[in-house]
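Notes follow once the structure below has been shown.
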Amino acid sequence: MILGSFFDPNRFGHSGPNLLRFTLAMPLFPPFLQNPFQEAPKLTYTKTEAMIPMRDGVRLYTAIYAPKQTNQKWPILMERTPYGAGPYGIKRIGRLGPSMEFQRAGYIFVVQDVRGRWMSEGKHLYSSPPKLNKRGVEHDESTDAYDSIDWLLKNVQNNNGKVGLWGISQPGFYAGNALLGAHPAVRAVSPQAPVTDRFKGDDDHHNGAFFLAQRVSLLSSFGAPRPIPTDHGLPGFRMPYPDAYRYFLDLGPLSHYQKIFRWNNQFWNSENEHPNYDSFWKVRGMEQYYRGIAGPAVLTVGGWYDAEDMWGALHTYKALEHGSPGLTNTLVMGPWSHGQWASDDGERLGPIEFENKTGKLFREEIQFPFFEHYLRDAKDPGLPEAYVFESGGNKWHKFDVWPPKEAKPLTFYLRPKGAVSTEAPTHSETSAFDAYTSDPRRPVPHTGDAAGGVSRPFMVENQRFAWVRPDVLSYQTEPLKEDLTLAGPIHATLNVKNTGTDADYVVKVIDVYPEDEPANTLVTPTVRMAGYQMLVRWEVMRGRFRNSLEHPEPMVPGHLTRVPIELNDLFHTWKKGHRLMVQIQSSMFPLIDRNPQKFVPNIFAATDADFQPAVQSLAVAGPDTCKLEVFRLPSSQPGGGKSH
């Protein structure tokens, strides 16, 4: 039975925090989960809506779901989000916590609209930067978290005085902010796929290259004005026909995109006004703030195939490890797309099988025991420093450090005739180059699915669609005589000659399946796996930023230029009989915006006339041969740690 009145937005105009409450008896498992804990008793929750005052008087909408049972104290588990804490109204039920295990155990679940979003008051800033040395009523996201938690502890009955925070993507960013000057009651924080630096490697840009398709879709509504609190979101951009490649290509340069944004969009304007890594982006980079943090235990979570915020997960862990060495700091990396671990069993991504219910294991054996231990004094789950999944070998591993200390350096060189070799060229070897013409009017697509936008499986997609193009160079090893396991970062060094004055350089690392690989009949339709070129890792470097993200500089036509590219970490095994392939190209459209290949001060202001073809020549022989520096785990100890 549901008790109470319907939600009335006008009640939020009154001074002081308003509380609206109703009681619900709800099943613990939504219909998409199979075989729930049927023996578990149903818990009855009371939903309360509150406007919690911050130190500067601004009030934040907060939905609170508390167990009605008063015979024990419950921990508080909080998510702060810009995406809406709804459904709004005391009769409407929202998601409770990260997974069903939490609902079964009983928590006080709190979901809050961050400042300036949806039903919360105030002004929203894009990835609001932390403020150091705050005084008086000065505020940032860390103080909003602190003030909210302080209010919850004093006003929500039957809490046990312990608080955890979690969130995926931007909510992961807000969870990370709560670590800064954390409230003493905060015992555990889990930033998951946290947005960490929007220019270096998360969401908006990778090494300065703008992520076009994803950002236009999100920013068209997310950055629209919201003059007053509302429980209705604005409609976002929708393509008029299902061909993202053709639509964005026909739309032309970024200077033509303003027509998509029907309102004065502050976030799109910021992208246009800050094309380089200036103070606007620098203050928003979270790595610099993760220093001297003590107290809450941290569980950072990411996916090896997350196209949006894999960089954020890896660098949040690294920043905390280096800046706060005494902190309990655990990294979890699984074979997942963005947020896939939250509800999916994680047995596969696209046609790639992982032979494990990786999402289920994470939710039941990692995430839930982590919060139970720190918020309810349950048994210590004994989580390792790094709990990571090895794709290809399809096993979980536990390490004392990430990257694993057992991994040894190994260098692959791109060689003539499309070869990849571990033998270094001699200094006396005559220089040689492979070349391709990159034409921004016919860019290389990021996917072979013409109708798709940015589908999650594209991160493991068969790269044959690119392999057949003349503007993509491909290099591969001979079939491997034994398994090859790479773990940790990849450092690529391209030595190139460009007939233009700017260009993008994309490096893709690929696992080529043997020609006798059987088809995957577990997916519909059946996928042919013979010769499948599985994308394992890729990254882009915008040529103008090769030496500095802050100070772009043109390339000199015809001059041999070093372009360093650091790819995100990986943990993958190329099985015996497979090949390791490297592809090099200069576009990945419309995932990434087109580089004009003519240096202009601001690509967001480039005109049609600025876009021109350019020949890219890569050194494949001689002392400047292009190379990839990786880390290999010994075959006698695959994974370098405990596995199961």
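Listed by first and then second residue, the pairs with beta-carbon distance under 6 Å, at least 6 apart or on different chains, first residue in the stretch 84-96 and at negative phi and part of a loop (DSSP other than H, G, I, E, B), second basic (Lys, Arg) and crowded, with 17+ Cβ neighbours inside 10 Å, are 90/47. Residues that are surrounded by fewer than 20 Cβ atoms within 10 Å (Cβ to Cβ), assigned to a helix (DSSP H, G or I) and under 21 Å from the mean Cα position of the chain (by Cα) occur in the stretch 355-372; there is at least one. Taking each residue of the stretch 415-433 that is more than 17 Å from residue 510 (Cβ to Cβ) and in the same structural domain as residue 628 (by TED's automatic domain parsing) and looking for partners that are assigned to a loop (DSSP other than H, G, I, E, B) and of a type in the set (Ser, Thr, Tyr) with beta-carbon atoms closer than 7 Å, six or more apart or interchain, yields 425/625. The residue list 411, 422, 430, 447 contains one member that is buried (at least 18 other Cβ atoms within 10 Å of the Cβ) and either at positive phi or among the hydroxyl-bearing types (Ser, Thr, Tyr) (or both), which is 447. Selection within the stretch 537-570: residues that are touching a helix residue (DSSP H, G or I) at 6+ places or on another chain (Cβ under 8 Å) and assigned to a strand (DSSP E or B). The member of this set that is farthest from residue 386 (Cα to Cα) is 561.
Residues of the stretch 117-156 that are in a helix (DSSP H, G or I), farther than 14 Å from residue 181 by Cβ and in contact with a Leu (Cβ under 9 Å, 6 or more places away or on another chain): 155 alone. In this structure, does residue 395 turn out to be out of contact with any Lys or Arg (no Cβ under 9 Å at 6 or more places or on another chain) and charged (D, E, K, R)? Judged against the criteria, residue 395 is a match.
Scanning the stretch 454-487 for residues that are in a loop (DSSP other than H, G, I, E, B) and either touching a Pro at 6+ places or on another chain (Cβ under 8 Å) or among the basic types (Lys, Arg) (or both) gives 469, 479, 481, 483.
Only one of the numbered conditions (1) under 12 Å from the mean Cα position of the chain (by Cα); (2) part of a strand (DSSP E or B) is violated by residue 160, and that is (1). Of the residues 241, 277, 245, the single one that is in contact (Cβ under 8 Å) with a residue 40 or more places away in the chain and farther than 13 Å from residue 204 by Cα is 245. Pull up the stretch 227-254, narrow it to residues that are small (Gly, Ala, Ser) and modelled with pLDDT under 95, then point me to the one that is nearest to residue 83 (Cα to Cα). Out of the qualifying residues, it is 233.
Against the list (1) at pLDDT below 95; (2) farther than 20 Å from residue 281 by Cα, the condition residue 218 fails is (2).
Inside the stretch 474-507, residues that are among the aliphatic types (A, V, I, L, M), under 30 Å from residue 612 (Cβ atoms) and within 27 Å of the chain's Cα centre (by Cα) make up a count of 5. When 277, 247 are checked against the criterion of being closer than 28 Å to residue 587 by Cα and part of a loop (DSSP other than H, G, I, E, B), a single residue qualifies: 277. Within the stretch 226-266, the set of residues being surrounded by 15 or more Cβ atoms within 10 Å (Cβ to Cβ) and either polar (S, T, N, Q) or under 23 Å from residue 58 (Cα atoms) (or both) comprises 226, 229, 231, 233, 255, 265, 266. Can you find even one residue in the stretch 580-587 that is under 30 Å from residue 258 (Cβ atoms) and outside any strand (DSSP E or B)? Yes, the stretch 580-587 contains at least one residue that is under 30 Å from residue 258 (Cβ atoms) and outside any strand (DSSP E or B). Among the residues of this structure, residue 489 counts as one that is in contact with a Phe, Trp or Tyr (Cβ under 8 Å, 6 or more places away or on another chain) and in contact (Cβ under 8 Å) with a residue 24 or more places away in the chain.
The values are calculated or read from the model by the stated rules, or taken from the named source; none is laboratory data. The structure displayed is predicted, hence computed values, not measured ones. All Cβ positions, even for glycine, are placed from backbone atoms using ideal geometry, and neighbour counts span all protein chains on display.
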